[in-house]
Amino acid sequence: MSKHLQLNDLGYFETRGLNVMVFSNWYDTTFGDAKISGVEIIHHGVRTATNGDVRLSPAPDQWDTLPQIVERAVDAETSSIRVSLVYPEHDFSYTIKAETSNKGIVLSVHLEKPLPAALEGRACFHFEFLPSAYFSKSYIIDGQSGIFPRYPSGPMTGKGQPGPFAGGKSIVLAPEDPTRRVAIEATEGELLLFDGRNVAQNGWYVLRSPIPAGRSGKVLEWLLGASTLPNWSRRPVIAHSQVGYHPDQQKIAIIELDKNEQPLASARLLKVIESGEFVGQHTGGLSSRGNYLRYNYFSFDFSVARETGLYVIEYGDVRTRPFRIAPDVYETAWHPTLDVFLPVQMDHMFVREAHRVWHGVSHLDDALQAPVDHVHFDLYAQGPTTDTPYQPGEHIPGLDIGGWFDAGDFDIRTQTQYHTVLDLVHAWEDFDIRRDETTIDQSRRYVEIHAPDGIPDLLQQIEHGTLALIAQYRAIGHAIHGIIEPDLQQYTHLGDASTKTDNLIYNSAFAEGETDGFASGTCDDRWAFTSKSTALDYGSIAALAAAGRTLRGYQDDLAEECLATAQRVWEEEHQHEPIIFQHGNTTGGPLLIEEMRAATELLLTTQDARYAERIEELWPEVEENFEWNAVAAVRALPHMSADYAGRLEARVKTYREKLDKLDEENPFGVPIFTGGWAGNGFVLYFAITNYVLHKAFPHLIDAEFVFKGLNFIFGCHPDSDISFVSGVGTVSKEIAYGNNRADFTFIAGGIVPGVLILQPDFPENKEDWPFLWGENEYVVNMGAGYIFLVNAVNDLLKKP
């Protein structure tokens, strides 16, 4: 059992098949408990345990109190790691020490002074084990055996917290499975085993030992060991596009190897024929792409394959699932996103798909004015005034229209709305997408998937997002941060969105539960956060100006109102200094980016020289912050001066130099984000930026920088070869963080964040556990960006 763990140069304990990390990653201060900190176990390549730390409840939820990390010290001489932490609100400091022993790792908790009385019976050292890693597996605790529950079934205490379903001095998890076997012994005290899913579907199995009262110094100790397979190596991954390739494309698979694995000399491409045979088409040598994170990478170039058909790649005894090479390979890849994902995300509508109702009409009671000086748990905040005619708690009429659920949750986040509208408008204008597969009837608040109504779906989706944005100006006069549930019980609601509120406008004159059928005394309405922000206004009017072009000839009155509103707000914002209200990620992007987009879209819609003049004034800042402003800068180009065009081209040349260095940063040639939210969004917009730049400057920006981005999304990425678009590609993301995540399923066409890079070197995207939002949560604007990108790739590959 893990007798040879060593402290490596990266600051974690390692032996072949087993890693024990000790606060290599800190708690996510933005989104709370993200299950990525404390003592963690990576067991035969899978992160199976996390949050080894002192916690205050047996089943910590996302927003439970978290400690603050004071110091982390790695001591190579003693092969130990010490981490000092504090709960400042409880005046409670402690140290966790991890050190190697001949049985594995010794974990201990040290106090300078005894546990505060208020935490007695609450503070425990605990460890959380991933349920999907232990489904259908057993445990033995003090000789008594059991099977890990597949579904939570208690016991519960009267305080709304689970009670332990087993306890003892020592436990062996999965004794029958050497890939998951873990043994823990408490040198004193008791081990208690809980099922955190009794409190929340995203809970883990939790093992806890109470911190004893009245003691200081070393107050608790565990001996941790885990089995490893002899000479274990992680199975090679052949990263490739699960959708396939166009015959004219460069076709490169990236082979990811365990650092203990010796590379083979070659890989093979085989064609799958009608008889079921696999016929060799190409054998090629591998080119080293170096080391990235914890793996070694090699590329296999099979660009010689141009014949239409089904293919697989074979490396040693690893064979991919079939993928296509065909001229039409991308033609339908965006259909599930437009046909299914976007309709399912539509708020304030009834959404049907054949025999299934995705949700009823939701949030007809939107929305109450949020209270002043209030910080919401999900990155919203209201300032010292409402900046509206409404009093806190007063109903704001007219907000119950349009918009999409932001992500796996149900809020209407304005930034997401306007990004989605903009990308859909650009897709409409650039690619003339006329697909009609969905009935969308705003007057009846009715959506039916797979039921054409004679109107292009993209146009109707643009209308739906626009209605949510223009409603804010109709009701309030400026853009708002968004609309969201006021309390955690509502926020964590899973299932039909229409059951989250009673859909009746709150009336404080009614008693709790009283209703006349139109209003009610149940205060469950969502809140509107309304503090004024210039950045939000610029972002919103960019989308409104763009919609003003697209909706002409379809909804002329709405188009005219959008443009008039955008022009009015632009003028108003330039009559005063920018109003800067920043909180979380809901109050608008950087002011420069938002104003540049607004100026560009207004210029494209009106061709008014005033907007071109403002773009010229912004150019020095745009040039300095080019990547995030490149698309707007290029879209404005036809209406700008020759001098502007020359400066823009010079800046694109500099940008190209950065692109050329990406292959040195990682084997995939795209920017891989290493923060607490995985980076597929960055990759999508990297590829979109490169498409726009390539169309304007084909001699500077190669189309391959567009293809690489889409290939990454479709499976050519670290950790696995899965497509990150649910239902698209042979093997795709089928367990995701949508609003149906409790069912361990997916929404077709949704795009997840992707590979999360856990420090210092572990790439992860879990395919059997949907609840890690930073890896698996759909966000609606990524769907719009994805529709644009697939159509952009089709545009580049079509025959002239």
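The values are calculated or read from the model by the stated rules, or taken from the named source; none is laboratory data. If you're wondering where the values come from, they're calculated on a predicted model, not measured in any experiment. Neighbour counts run over all protein chains shown; Cβ positions are idealised from the backbone, glycine included. Ligands, DNA and RNA are excluded from the accessible area calculation, which covers all protein heavy atoms including side chains. Shrake-Rupley method; radii C 1.70, N 1.55, O 1.52, S 1.80 Å.
General observations
- Using Cβ point charges alone (K and R +1, D and E -1), the dipole size of segment 701-750 about the Cα centre works out to roughly 160 debye.
- Once the Cα-Cα distance is subtracted from the 0.36 nm per residue extended length, the Met156 to Arg235 segment shows a gain of 24.3 nm.
- Ordering Trp769, Trp428, Trp63 by accessible surface, largest first, gives Trp63, Trp428, Trp769; the 1.4 Å probe counts only protein heavy atoms, with every chain in place.
- With DNA, RNA and ligands ignored, accessible area of Ser79 (1.4 Å probe; Å², nearest 10): 20 Å²
- One equal scatterer on each Cα of segment 689-787, no solvent, Debye formula: the resulting log10 I(q)/I(0) at q = 0.18 Å⁻¹ is -0.83.
- Estimated [θ] at 222 nm from DSSP helical runs (n ≥ 4, -39500 (n - 2.57)) normalised by residues in the chain, nearest 500: -7500 deg cm²/dmol
- Straight-distance candidates among the aspartates and glutamates for linking to Lys798, with alpha-carbon spacing under 20 Å and chain neighbours fewer than 8 residues away dropped: Asp248, Glu307, Asp328, Glu331, Glu429, Asp430, Asp432, Asp702, Glu704.
- Estimated inter-spin distance, Thr30 and His355, nm [label 7 Å along Cα→Cβ]: 4.2 nm
- Label point distance in nm, Asp328-Leu488, each placed 7 Å from Cα along Cα→Cβ: 5.2 nm
- Computed log₁₀ I(q)/I(0) - Debye formula, equal Cα scatterers, no solvent, segment 63-143, q 0.20 Å⁻¹: -1.07
- Against the empirical 2.2 N^0.38 Å (N residues), segment 211-267 has a Cα radius of gyration ratio of 2.31.
- Mean projected area of the convex hull spanned by the Cα atoms of segment 339-433, taken over all viewing directions: 7.9 nm².
- Under a model in which nothing but the beta-carbon of Lys, Arg (+1) and Asp, Glu (-1) is charged, the chain shows a dipole of about 2720 debye around its Cα centre.
- Cβ-derived FRET efficiency at R0 22 Å, Ala609 paired with Lys695, nearest 0.05: 0.35
- Rolled with a 1.4 Å probe across the full set of protein chains, the surface gives Arg72 an accessible area near 80 Å².
- Quotient of C-alpha Rg and 2.2 N^0.38 Å, computed over segment 533-620: 1.07
- Pair Gln582, Thr385: separation of 7 Å Cα→Cβ label points (nm): 2.2 nm
- Heavy-atom accessible area order for Ser508, Ser498, largest first, 1.4 Å probe: Ser508, Ser498
- Whole-percent carbon and sulfur share, accessible surface of the chain, 1.4 Å: 49 percent
- Ordering Leu637, Phe626, Tyr506 by Cα displacement along the dipole of the chain toward the positive end leaves Phe626 in first place; charges were set at the Cβ atoms of Lys, Arg (+1) and Asp, Glu (-1).
- With DNA, RNA and ligands ignored, accessible area of Val172 (1.4 Å probe; Å², nearest 10): 40 Å²
- For the listed residue pairs Lys103/Lys766; Lys35/Lys766; Lys653/Lys799; Lys169/Lys218, the alpha carbons are over 21 angstrom apart in Lys103/Lys766; Lys653/Lys799.
- Cα pair count fraction exceeding 45 Å, expressed as % - the chain: 30 percent
- Our summary gives the chain a relative contact order of 11 percent, counting only alpha carbon pairs under 8 angstrom and 6 or more residues apart.
- Ranking His481, His355, His335, His699 from most to least accessible surface, computed with a 1.4 Å probe over the protein chains only, gives His355, His699, His335, His481.
- Evaluated at q = 0.14, 0.16, 0.20 Å⁻¹: base-10 log I(q)/I(0), Debye formula over Cα of segment 160-294: -0.88, -0.97, -1.24
- Estimated from the Cβ-Cβ distance and a Förster radius of 41 angstrom, the FRET efficiency linking Asp373 and Glu71 is about 0.75.
- Accessible area per residue, Å², segment 289-367 with all protein chains present, probe 1.4 Å: 36 Å²
- Counting only Cβ charges, +1 for Lys and Arg and -1 for Asp and Glu, the dipole size of segment 647-771 around its Cα centre is about 640 debye.
- Centroid-to-centroid separation of segment 220-268 and segment 613-678 [C-alpha atoms, Å]: 34 Å
- Extension gain, Thr187 back to Ser275 (0.36 nm per residue minus Cα-Cα distance, nm): 25.4 nm
- Dipole of the chain, positive direction: furthest Cα of Val344, Val219, Gly276, with charges on the beta-carbon: Gly276
- Two-site FRET efficiency, Lys103 against Phe510, from Cβ-Cβ distance with R₀ of 60 Å, rounded to 0.05: 0.40
- Length added when fully stretched, Gln262-Arg474, from 0.36 nm per residue minus Cα-Cα: 69.8 nm
- Of interest is the spacing of the C-alpha centroids, which for segment 522-540 and segment 380-436 amounts to 9 Å.
- Total formal charge among the other residues, if their Cβ is under 10 angstrom from that of Asp537, Lys/Arg +1 and Asp/Glu -1: -3
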